[in-house]
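Colleague: One structure, as structure tokens, below. Some questions next.
The values are calculated or read from the model by the stated rules, or taken from the named source; none is laboratory data. Here the structure is a predicted model, which is why all the values come from computation and not from measurement. Here the Cβ positions follow ideal geometry from the backbone for every residue, glycine too, while neighbour counts run over all protein chains shown.
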Amino acid sequence: MITLNEAEAVEAGLSAAKERDESKAFQALDSLSGIATDFLSESEDADAQRVILSIEDISEAATEEEMELVTINSVLALGKLAKTAAEEGYESAHTKAFIAIGRLGRIAAAHSLEAGSKVAATTLMEIWNLPRQRQSQEKTIAFSLLFKEIGVCGARRGTEEIVLNAVNCLGEIGNKIAAESLELETISALLLLEEIGESAAEKYFDEALSSTALSIEEIGKISLKKKLHKAVLQSQRALETLRVQAEERSMTNSSVVTEMSLDSFKDTGNADFEEKVEKLQEIKNLQIKIHSTLLSRKSVSSPKPKESF
């Protein structure tokens, strides 16, 4: 395969997406991935960030055209770049890469591209599970928000498998952070699972709603063991909300599951409501702040693209 320089690859990639030419898109993305890897090896973090954004631009255009194989190829390439950046200690490039993957997963879900969305979610989980990447509160919430976006978009498009996959991933994050006694992040995950569950209920996705309830219950049980009282209360609140949604829509299985899940907390008592409301508002404000960052595409200040390598 011919290797293109950066400027050529960007132009060729965008043109390939417009023309729905998979072969040319693969060539452009392969060239850009190699260029970004070289930049990281040369400690050119800002240049690597710029190329990562170019990969995202091409991938987004291709995903909008429902070129699912290009989406998958792009996600895998960005996943490798995210891992390389993490290993080399380039936080900004790492962040750019995993956010790009999440946004591509959301766009894939919005176009009912089940495989593309699933690969994006799986790749995000692999990145989040990297040993050095689970220490930042804002980063954990960012990953959780990306999974929520994927799940909600999947629900809006009527694709239950995408919703289920997002719930499983977000549930896994919730379990692990609850086990680490990170209460604020745990409550954030519970709030986002509740949002996905409500979206699932609106589409009468009985299996997805039941799966969401079971994930919330499991996080709540871990929170109970870790004495995360506000997280336990949020688990109860979320399950009650989803139980009502299920009953109103006559979703028999979900009604039973949510009711049984609530029974797991019937003897736990209640925390102070006013204190809980204050904590929820704090978390929601933090989610809004991080979400605005996820949607931002601020340009990277760096030299013009190099013409050859």
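Colleague: Let me spell it out: the conditions are (1) outside the structural domain of residue 57 (by TED's automatic domain parsing); (2) within 20 Å of residue 59 (Cα to Cα), and residue 152 meets all of them except one. Which number is the exception?
Modeller: Against the list (1) outside the structural domain of residue 57 (by TED's automatic domain parsing); (2) within 20 Å of residue 59 (Cα to Cα), residue 152 comes up short only on (2).
Colleague: If you don't mind, there's one more thing I want to ask. Only one residue in 112, 117, 136 is in contact with a Lys or Arg (Cβ under 6 Å, 6 or more places away or on another chain) and either polar (S, T, N, Q) or closer than 14 Å to residue 59 by Cα (or both). Which one?
Modeller: Criteria check complete, one pass: 112.
Colleague: Any chance you could count how many residues in segment 1-58 are within 15 Å of residue 77 (Cβ to Cβ) and hydroxyl-bearing (Ser, Thr, Tyr)?
Modeller: Qualifying residue count for the region: 5.
Colleague: For residue 46, which of the numbered conditions (1) surrounded by 20 or more Cβ atoms within 10 Å (Cβ to Cβ); (2) over 22 Å from the mean Cα position of the chain (by Cα) fails to hold?
Modeller: With respect to (1) surrounded by 20 or more Cβ atoms within 10 Å (Cβ to Cβ); (2) over 22 Å from the mean Cα position of the chain (by Cα), residue 46 is out only on (1).
Colleague: Collect the residues in segment 172-200 that are touching an Asp or Glu at 6+ places or on another chain (Cβ under 7 Å) and surrounded by fewer than 24 Cβ atoms within 10 Å (Cβ to Cβ), keeping them in residue-number order.
Modeller: Passing the criteria: only 175.
Colleague: May I ask you to verify whether residue 115 is of a type in the set (A, V, I, L, M, F, W, C) and over 19 Å from residue 96 (Cβ atoms)?
Modeller: Against the criterion (of a type in the set (A, V, I, L, M, F, W, C) and over 19 Å from residue 96 (Cβ atoms)), residue 115 qualifies.
Colleague: Shifting gears a bit: Identify, from the list 116, 79, the residue that is assigned to a helix (DSSP H, G or I) and crowded, with 22+ Cβ neighbours inside 10 Å.
Modeller: Answer to the check: 116.
Colleague: Is it true that some residue in segment 10-23 is more than 28 Å from residue 151 (Cβ to Cβ) and of a type in the set (Ser, Thr, Tyr)?
Modeller: Yes, some residue in segment 10-23 is more than 28 Å from residue 151 (Cβ to Cβ) and of a type in the set (Ser, Thr, Tyr).
Colleague: Among residues belonging to segment 221-265 that are in contact with a Phe, Trp or Tyr (Cβ under 7 Å, 6 or more places away or on another chain) and not hydroxyl-bearing (Ser, Thr, Tyr), point out the one that is nearest to residue 177 (Cα to Cα).
Modeller: 232
Colleague: Within 24 Å of residue 126 (Cα to Cα) and modelled with pLDDT of 95 or more: is that true of residue 59 in this structure?
Modeller: Yes; evaluated as a whole, the condition is true for this residue.
Colleague: Tell me which of these residue 275 doesn't satisfy, since it passes every other one: (1) assigned to a helix (DSSP H, G or I); (2) at pLDDT 60 or above; (3) out of contact with any helix residue (DSSP H, G or I) (no Cβ under 6 Å at 6 or more places or on another chain).
Modeller: If we test residue 275 against (1) assigned to a helix (DSSP H, G or I); (2) at pLDDT 60 or above; (3) out of contact with any helix residue (DSSP H, G or I) (no Cβ under 6 Å at 6 or more places or on another chain), just (2) comes out false.
Colleague: Which members of segment 201-227 meet the condition of being surrounded by fewer than 19 Cβ atoms within 10 Å (Cβ to Cβ) and of a type in the set (Asp, Glu)?
Modeller: Listed by number, the residues that qualify are 202, 207, 218.
Let's see how each residue does on (1) modelled with pLDDT of 95 or more; (2) within 30 Å of residue 126 (Cα to Cα); (3) of a type outside the set (Gly, Ala, Ser):
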position: 170; (1), (2), (3): yes, yes, yes
position: 186; (1), (2), (3): yes, yes, yes
position: 195; (1), (2), (3): yes, yes, yes
position: 201; (1), (2), (3): yes, yes, no
position: 215; (1), (2), (3): yes, yes, no
position: 265; (1), (2), (3): no, no, yes
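Colleague: When residues of segment 123-143 are filtered for being under 21 Å from residue 71 (Cβ atoms) and either surrounded by fewer than 18 Cβ atoms within 10 Å (Cβ to Cβ) or acidic (Asp, Glu) (or both), how many remain?
Modeller: Matching residues across segment 123-143 total 2.
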